[in-house]
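First comes the structure, then the notes that go with it.
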Amino acid sequence: MDNLKEYHRKRDFRKTPEPEGRKKQKRADHLSYVIQRHHARTLHYDLRLEREGVLKSWAIPKEPPAEAGIKRLAVETEDHPLEYQDFEGSIPEGHYGAGMVEIWDKGNYLPVEWEKNLIVFEINAQRLKGTFCLVKLKPKEDQDKNWLFFKKKENP
């Protein structure tokens with residue numbers, strides 16, 4: 001699974017409870033969405049969207065926006081295996097991402113638009129519902145993984 005090469009490179013699965021992601025997943029009738037609250041070096045939230053057999057991932061430094069008008073930085077990270085959507089637990093000290101991971105929100109999503117610099121999707125989950133956007137920011141030198149994450153205003 002080449003799309004998980006970076007994920008595997010960063011972890012020692014003999015010492016971390018995180019899923020390896022080597023199993024072939026059955027195709028569901030919907031696309032998975034999850035946000036995990038991650039108490040690592042700093043508290044942040046990991047947004048994950050199923051796409052092409054993996055979870056595309058972004059780290060969000062502040063609580064995700066439940067209302068329109070609130071924008072959050074979202075830093076793109078390595079793809080994670082689909083099994084990670086159910087992962088909760090403690091990553092041991094000394095390992096990449098050390099700290100407690102818990103599911104903050106979970107459900108499914110429907111992609112509306114998925115382009116290189118713009119992702120629009122409808123979330124149907126426990127905490128977040130509605131149309132959300134990820135908009136890639138113009139890169140500044142080596143910062144080409146920064147996106148804005150926000151909820152779209154609903155038309156009355």
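The values are calculated or read from the model by the stated rules, or taken from the named source; none is laboratory data. Predicted model only: the values in this text are computed from it and were never measured. Backbone-built Cβ (ideal geometry, glycine too); neighbour counts: all protein chains shown.
Any residue at all in region 11-31 that is at pLDDT 90 or above and either outside any loop (DSSP other than H, G, I, E, B) or exposed (fewer than 14 other Cβ atoms within 10 Å of the Cβ) (or both)?
Yes, because at least one residue in region 11-31 is at pLDDT 90 or above and either outside any loop (DSSP other than H, G, I, E, B) or exposed (fewer than 14 other Cβ atoms within 10 Å of the Cβ) (or both).
Surrounded by fewer than 15 Cβ atoms within 10 Å (Cβ to Cβ), at pLDDT below 95 and farther than 18 Å from E6 by Cα: is that true of E154 in this structure? First the steps, then the outcome.
On the way: surrounded by fewer than 15 Cβ atoms within 10 Å (Cβ to Cβ): yes; at pLDDT below 95: yes; farther than 18 Å from E6 by Cα: yes.
In short, yes.
So, of the residues in region 32-66 that are in a loop (DSSP other than H, G, I, E, B) and of a type in the set (K, R), which turns out to be modelled with the highest pLDDT? First the steps, then the outcome.
Within region 32-66, the first condition is being in a loop (DSSP other than H, G, I, E, B), and the residues that meet it are 40-42, 52-53, 61-66.
Narrowing the set further to residues that are of a type in the set (K, R) leaves 41, 62.
Values: R41: 90, K62: 97.
Filtering first and then ranking leaves K62.
Kindly provide the set of residues from region 72-131 that are of a type in the set (V, I, T) and without any contact (Cβ under 8 Å) to a residue 12 or more places away in the chain, ordered by number. Talk me through it step by step, then tell me what you get.
Of all residues in region 72-131, those of a type in the set (V, I, T) come to 75, 77, 91, 101, 103, 112, 119-120, 123, 131.
Once the filter is applied, which keeps residues that are of a type in the set (V, I, T) and without any contact (Cβ under 8 Å) to a residue 12 or more places away in the chain, region 72-131 yields nothing.
G130 - would you say it is within 14 Å of the chain's Cα centre (by Cα), more than 22 Å from N3 (Cα to Cα) and either modelled with pLDDT of 95 or more or outside any loop (DSSP other than H, G, I, E, B) (or both)? Break it down stepwise before answering.
Values: within 14 Å of the chain's Cα centre (by Cα): no; more than 22 Å from N3 (Cα to Cα): yes; either modelled with pLDDT of 95 or more or outside any loop (DSSP other than H, G, I, E, B) (or both): yes.
No; evaluated as a whole, the condition is false for this residue.
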